[in-house]
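Report on the following structure.
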Amino acid sequence: MIDRTLFTSDHEAFRDAFRKFCDKEIAPFHEAWEEQGYVDRTVWEKAGAHGFLCMTMPEAYGGSSADKLYSVVQMEELARGGYSGIGYSLHSEIVAPYILHYGTEAQKLTYLPKLASGEMIGAIAMSEPAAGSDLQGVKTTAIKQGDGSYLLNGSKTFITNGWHADLVVVVAKTNPAAGAKGTSLLLVERDMPGFTVGKRLKKLGLKAQDTSELFFSDVAVPAANLLGGEAHENRGFICLMEQLPWERLQIAITAVASAQAAIDWTVAYVKERKVFGQPVASYQNTRYTLAELQTQVQVARVFVDKCTELLAGDTLDTATASMAKYWTTDLQCKVMDECVQLFGGYGYMWEYPITRAYADARVQRIYGGTNEIMKEVISRAMGLGGK
Ligand SMILES: Cc1cc2nc3c(=O)[nH]c(=O)nc-3n(C[C@H](O)[C@H](O)[C@H](O)COP(=O)(O)OP(=O)(O)OC[C@H]3O[C@@H](n4cnc5c(N)ncnc54)[C@H](O)[C@@H]3O)c2cc1C
């Protein structure tokens, strides 16, 4: 195996601490959370109390000014354990960065410390029933009123952390006639009149994740809640595009960690399980299958680690991040499928982590931009037209 060079001993010490937290505060409860369809809020409060939320935010805003590798460690550990209900990464590494990068000083001071403590849970609402891949087609509107506030109307769907969320970054058209150039981001709080959270969506996997619909009916959003203030009105699409490399890389990081975990579980299982008087591991098909999967996951890990290095140096471009997202999530699904096969009938039983990991993996090719959209982005960067 190729040694990883990304992490220092401090990162590894943090990995131990975070793994202990997962063992104590997540593992014993995750199955019950899958059954109820959401995680208990206490797991957010506990993470906040341990300083595990929004670690990369500056200390002045409640974070630890940690480098992004600490978040990478968290993502890997959550993926390794199959704790797919836990929405820390989206909260800490997608929602909070929007506020840090584009928010006004008042917005940073108001929201980031509460996100870091777990007092507030964050979500981002881009997708709508009729607009997912085609975000320019967003129908939700936020029309400026005489007093400077915005009247928000529309609905969102598939929103991760949506049912628990106290703060939602909402993508809306402030100038509906201007397409992408009329898009803004609004900070919408749970108790704003007219904002309602719909049902938790029943899903193939991610059973403990509170993915929800959101509805906005004449919500009066104060001018102070336009992300970045007036200077950022109609600049929302640019902000969304700028954040894509990191958001896509996060999916790739979890894909590789999940795939490796699946291989590890399967190696242990095939050594134990006997058929025709011999361990499943003794069959050439088993050994070659696992050897092929491990080779591909190793290749993926080296590529993703390199992308992470580029990201740290601020030089990861969107096309390369899209390659990482599409290729590793395709690989993740292939690994899960082959590993389930090696578990036989037990691989179809919910009590086995491999079965849950198989179900959880499928969405990785869909969200964060579908893998077809990734190929659009890559091919455009190659100078190949497309629409
Ligand atoms: C569990 C889950 C969690 C999610 N979390 C969030 C969240 O927190 N926030 C949020 O905003 N959204 C979230 N989403 C939404 C997700 O990002 C969208 O589902 C995704 O972008 C795809 O959009 P769509 O579902 O509208 O599919 P569509 O856009 O309708 O796509 C349907 C099919 O058409 C293909 N297609 C579309 N356009 C093209 C093209 N130009 N060329 C070739 N093929 C194309 C797609 O690849 C796909 O195969 C989540 C989704 C799920 C399932």
Checklist outcome for this item: Connecting every pair of Cα atoms under 10 Å apart in the chain and solving the GNM, the largest mean-square fluctuation among Ala255, Ala131, Ala177 falls on Ala177
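From the Cα gyration tensor of the range 290-387, with a ≥ b ≥ c the square roots of its eigenvalues, which class applies: rounded if a/c is under 1.5, or else prolate if a/b is larger than b/c, or else oblate?
prolate
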Item to check | the range 123-234: radius of gyration over Cα atoms, expressed as a fraction of 2.2 N^0.38 Å | outcome: 1.02
Next on the checklist: Calculate log10 I(q)/I(0) of the chain for q = 0.10, 0.13 Å⁻¹, where I(q) comes from the Debye formula with a single equal point scatterer on each Cα and nothing for solvent.
Outcome noted: -0.65, -1.10
Checklist outcome for this item: Ranked output for segments 223-229, 158-164 by mean other Cβ atoms within 10 Å, highest leading, reads 158-164, 223-229
Checklist entry - Among 140-148, 186-194, how do they line up from the highest to the lowest mean number of other beta-carbon atoms within 10 Å? => result 186-194, 140-148
Checklist outcome for this item: In whole angstrom, the spacing between the Cα centers of the range 9-34 and the range 307-333 equals 25 Å
Checklist outcome for this item: Descending packing, highest mean Cβ count within 10 Å first, for 326-333, 263-270, 21-28 is 326-333, 263-270, 21-28
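Please state the shape class of the range 123-166: rounded when a/c is under 1.5, otherwise prolate if a/b exceeds b/c and oblate if not, all from the C-alpha gyration tensor. Walk me through the numbers on the way to the answer.
On the way: a/c = 3.10, a/b = 1.39, b/c = 2.23.
In terms of gyration-tensor shape, oblate.
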Checklist outcome for this item: Per its Cα gyration tensor (rounded if a/c is under 1.5, else prolate when a/b beats b/c, else oblate), the range 1-136 is best filed as rounded
Next on the checklist: Between Gln136 and Lys271, what's the calculated FRET efficiency when r is the beta-carbon distance and R0 is 45 Å? Round to 0.05.
Outcome noted: 0.30
Next on the checklist: When the expected Rg is taken as 2.2 N^0.38 Å, what fraction or multiple of it is the alpha-carbon Rg of the range 62-110?
Outcome noted: 1.30
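At 0.36 nm per residue, minus the direct Cα-Cα distance, what do Lys334 and Glu59 gain on full extension? Give it in nm, one decimal, please.
Numbers: separation 275, 0.36 × 275 = 99.00 nm, distance 4.11 nm.
Extending this stretch completely gives an extra 94.9 nm.
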Next on the checklist: Going Cα to Cα from Lys199, which lysines come in below 17 Å? Please leave out same-chain ones fewer than 8 positions away.
Outcome noted: Lys156, Lys207
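None of the figures in this text is laboratory data; all of them are computed from the coordinates on show. Given the structure is predicted, the values throughout are model-derived calculations rather than measurements. Ideal geometry is used to build each Cβ from the backbone, glycine not excepted, and the neighbour counts take in all protein chains shown.
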